[in-house]
Every structure is written in C-alpha cells, then in structure tokens.
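First the structure, in the form of structure tokens, and then the observations on it.
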Amino acid sequence: QTGDRIGLVGANGAGKTTQLRILAGELEPTAGDVVKSSKDLRVAMLRQEFVDELVLTRSLRDEFMSVFVEEAAIMDDLAAAEKELGEMTGDDPDAMQEVLDRMAKLQDKADTKNVGALDSRVAKIMDLMGFEKEEGDYAVSAFSGGWKMRIGLGKVLLQEPNILLLDEPTNHLDLESVEWLEAFLRNQNIPMVIVSHDREFLDQVCTKIVDAEGGICTEYNGNYSQFLKLKKARMDSWQASYNAQEKKIKEERQWINKFRIKQPQAVKQREAQLEKLMKSPDYVQKPPFVGKPFRFRFPDAPRLSPEVAEVRGLSHGYGDGANRLFEDSDLFIEKGDRIAIIGPNGSGKSTLLRILMGKEDPDEGSAKFLGQNVFPSYFEQNQADVLDLDMTVVDTVQAASNTQSYNELRALLGQFLFKGDNVEKKIENLSGGEKARLSLCCMMLKESNLLILDEPTNHLDIPAKEMLEEALQHFDGSVVVISHDRFFISKVATTIVAIEDKKLVKYGGDYKFYMDKSKDFKKKVEARYFAGGSRIGNAPVIDLEELNKPKKKNFGGAKNAGMVTRKDKGVKNAKRQNRK
C-alpha cells in the first residue's frame, strides 16, 4: 500500500532476493501467482550489483539518460530518417513521402513517450539525488561509492515505478551515505520492499517487517526492533498454546486407555472427538524448533601487556600530496580496547590498518606494536585472495584450527552458511562473498590477542553478525574494527576513533557516548529518530576476569570445549570523489 516500507528479513538462503525477482517479473514462481492491482503496475529494482551495471566512462547525465532505451531508439530512428530525407534530391516523390510518413509515425511515438521532457526529468532527478547541474558532465568514475548509490537509485526512480524493490542497498556505503538514504526513503510515499541485514537501517526506515523463515513469510507491523518483540511474543504464545493442547490430548488419551474396557461407548466418542480435533483448523501445529544462538569463543592467546600499539605523528597521502589522508595524527591502543574506526569512505580507514600492520609505509611518522606478546590477526576486505583454491571449505578451516573438533568446525561453518555438501566445495568454486565469509571464519580460529578487522560484517546475515558480536564482547584482548554497521559498532566498540579533518580523534566511550559528544553528529541523529526507533544503546561491558574464574563442576558435568554446542542540501561537504 502507499507509504508501506516493508523490510524483508531472514537468514541468507531464505529466498529473499528470489522473492524480489519474482515481484519484479524476472522469475516465475513454482506455484502460486503474483497478483497485481493493475496490468500497468511498474515495478523497479535496485540490485546488489547496481554498481557493476554503471558505465564508468559515461557522463553522469548520459548515465541517467541510458534508462530511456525505447526513447533513445525512437530518436535514433528519427535522426536517421531526417538524414535520409536531407540526402534526397527530390527526383523520387514517392520515396520522399515514404520517409515523411515514417518520420510522422516516429514523431507520434516520440510524443507518446514524451521524449521532449527527458532532459527536464533527468535534471529533476539529479537535483533530487543531490547533484549539482555542472556535475552532469562529470564521468561516473569520478564519484565515490555513496554517490554511485545515488546514481543507481536515481536511474531506478526515472522508471517512475509504482513499487520500489531494494536489495541490500546499504552494502559498502559509509555512514553518511546510509543516513542520506534513510532520510530519502522515509520521505517517499511509493511502496517499497527492502532486503537488508543492517538492523539500524531497518529500524529507521521500515514500517513493516516480513520474516522469511522455513519457507513461510510472516508479517509484523513496526520496525525491526518492534518485530523482534512481536515475534518473541508470538512464538511464546504459540508454544504455550501447543503445550496446553498437548497436555489436554495426553490427559484424554490416558482416560481412553483407562476406560477402554469399562466404558467402550464413551471411549469411542472420546476417540472420535480427539480425531476431529487433530484434523480441525483449530488444531495447534507444533512450533518450529528454535535452537539456542550459536556461541563462539576465540582461542586463548598470551596475555597482553597494558600497552599494545602506537601511532605517532602519522602523515600520509597519495599522488602528489593533494589527496592527503592524515596530518600529524596520533593513536594509542591499550589492552582491552575495543576500538571502532569511523569516517566517510575515502577518509583513510583501511589505509590506517594497513600502516598499522606494516603492509604500507607512512609518508611521515610511525606505527608499531608495543611489547613482546602482541599476536595480531588481520582481516582485510581482500583477505579471500590468499585462500588455496585447490582446497575444500572444510579442509581450509581444519588447517586453520588447532583446538576445535570436526563437529565444532562444522557448527561454526554452519553459522557462516556452509552447510551439508557445501563444506566439500573447492575454494575455486566459491563466490566472492563465500570466500570472504570463509576467510573470516579461518581468522577466528587463530590464536591472537589483537584483532584488526576491516569490514568483517560484509556478507554476513544477522545471526552470524550476532554470533560475531557476542564473541568479540568476550574476547580477552584488544580489537580495532572498521564497520559501517552502526548496530554492530554499538554492540562491540567501547572506544570510537573518528577521522576528522585528517586527524584521529579518540572518543573515550562507546558509540552512544560518541553520538552524545559529537555535537554535529548528535543533531543529525536526533533529527533522524522517530517514534518506535530502537535508539543506539551502550556497548555491553563484560567482566572477563570474573567470567573466567574456575567454577565448581557437578559430577558428570559437561566440559567447556571453548565453543558452545537530496545531496541532502544541508550536506554540502559530502564526499563525492573517489579516493584510494
């Protein structure tokens, strides 16, 4: 319905993208139909791979104009006919008339398609997406990831859809771009269906949630936080009703067995009533099994000294120095720090981690580990490139593990969506996302007391994110992480380091503390929140020393295996240009 912003959620493999493709008319359902309110209903979809569909050498204006394929063909035919007419000498009036007739038909088609308004439509969409008029001549390649998202979204809106489908629209966007997209979508009346694993995004945008689980879709009113509460209440009520029914059935069967000989007529009636109940629509089916959330603990590693790493006087940039990322920046990392590095795309977050790991030399200053017992594990976005393509998935994790059993490794692989025969797949046959998940899985099995993580939640579904969050909260070491997932940051980070004006600004608190202390950010956040929003909370603080104290065990107790079975017109400085 008009104004609906529906979040379609569920684990990877639940068929969310497939449902979008069926709605878009790209796939036919195996059974059932897509019922449309009108034959002329226009459905447009922003795909996960929308960046790959952009032609980087085109100008921005031409990229928007590329949406109008039929209109362009008509104009090309009309131009060809005009050229043909201009080359005629007038000796063959019949031939000239034929060309004129063809031109008249083409002009009628052009008028029907309102071709004359295409330039103004593109100008309006450029303004709506936040582009300046003069940027229409810029090459698409000149724009950063967040602005490429605006190009993709603008192209979809130029189709004037009645329904908008968005498949993982926040992938690879920085926080500023995600917030712009949230505000933009909330201001649209067009109905939309959104697939996303970004829980904060779902909270800020969606008015309904559809949960795809076990081949069944269940609708809930409200945003993602409200959905979690409603789903729990629904499942609790379902289980209680089922338990009460089963108790009643058990008592009825006991009575039947007791009086089968003494009161055969009454028993026959009771059996008929019981059979009728079990076939009736009122019979409560058994709720689906909901297992406990999978828990993972990082392997033990040597204890850290209080001082872990130091960045001092860092200045660094690319090219001729015009693209300067850092100027005389400092950062000190201590034992127990869980630091999230935040900043726009292109501000140097990944570069900072590469310098810290010694994979890139700074122009000026230094970055080094302190003490003798620092064992870092580094997960970077191209980590999958180092996997052995000839090995299988399960062989790869076994090679990375020292302590976990085969069953424990299979359970962990299941969390990363490698199940059944998929664990026997060769690495060369995996997709890019699968390789990234496997690389993260392997990294989590290594003994380490310092985790350096660059966008670890990319390609993870919500259950896998929750498993990683809980594991990091219990990690007895230091963590430095880059992420654009605000919910993930709020659950993991106890310290925020923001890249501001080429400096590393350390906020001595979690993400909520950062939002409170950063005045400009606080104003933006307060303007975004609406009734029912989750609001970011404080990161959990766990007393690991207390948790790890030896506990008395009952005789026969299970052993702990370590792994439990418009440019928003106010945002004038938004980063448009690409940076390395």
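Give me, ordered by chain and number, the residues 5 or more places off S329 or on other chains with an amide H under 5 Å from its own placed amide H.
Excluding prolines and chain starts, which carry no amide H, the hits are G313, L314, S315.
Using θ = phi - 60° and the Karplus curve 6.51 cos²θ - 1.76 cosθ + 1.60, what whole-Hz ³J(HN,Hα) does each residue of the range 235-252 get, with Gly and Pro shown as x?
5, 5, 5, 4, 5, 5, 5, 5, 4, 5, 5, 5, 5, 5, 5, 4, 5, 5
Within a 10 angstrom radius of the beta carbon, how do T495, T18, T351, T30 rank from fewest other beta carbons to most?
Lowest count first: T30, T18, T351, T495.
Which value, in Å³ per residue, describes the convex hull spanned by the Cα atoms of the range 8-60?
It comes to 136 Å³ per residue, whole-number rounded.
Kindly state, as a whole number, the per residue volume in cubic angstrom of the convex hull around the alpha carbon atoms of the range 469-512. If you can, show how the numbers build up before the last one.
Numbers: hull volume 3.6 nm³, N = 44.
Expressed per residue, the convex hull around the Cα atoms of the range 469-512 is 81 Å³.
Among R150, R102, rank each residue by its count of other Cβ atoms within 10 Å, from fewest to most, as a rough exposure measure.
R102, R150
Which aspartates and glutamates, on any chain, are close to K258 with Cα under 19 Å apart, when same-chain ones fewer than 8 places away are left out?
Excluding near neighbours in sequence, the set is E246, E271, E275.
Can you sort M45, M357 so the residue with the fewest Cβ neighbours within 10 Å comes first?
Working: M45 21, M357 16.
Exposure proxy ranking, most exposed first: M357, M45.
I'd like the projected area of the chain, averaged over all directions, using the convex hull of its alpha carbons. Report it in nm² with one decimal.
Projected area, direction-averaged: 39.6 nm².
Roughly how many Å is it from the Cα centre of the range 426-503 to that of the range 132-177, as a whole number?
If we compute the Cα centre of each part, the gap is 27 Å.
What is the sum of charges around G508, taking Lys and Arg as +1, Asp and Glu as -1, for the other residues whose C-beta is under 14 Å from the C-beta of G508?
0
Per residue of the range 416-432, in order, report the coupling 6.51 cos²θ - 1.76 cosθ + 1.60 (Karplus, θ = phi - 60°) as ³J(HN,Hα) in whole Hz, putting x for Gly and Pro.
So the J values, rounded to whole Hz, are 9, 6, 9, 10, x, 5, 4, 6, 8, 5, 7, 4, 5, 9, 8, 6, x.
List, in the order given, every pair from K446/K506; K250/K279; K426/K446; K229/K491; K16/K491; K435/K512 whose Cα-Cα distance in the structure shown is over 24 Å.
Result: K446/K506; K16/K491; K435/K512 exceed 24 Å.
Values in this text are rule-based calculations from the coordinates and carry no lab data. Since we're looking at a predicted model, the values are computed, not measured. Here the Cβ is made from the backbone with ideal geometry for all residues, glycine too, and neighbour counts use every protein chain on show.
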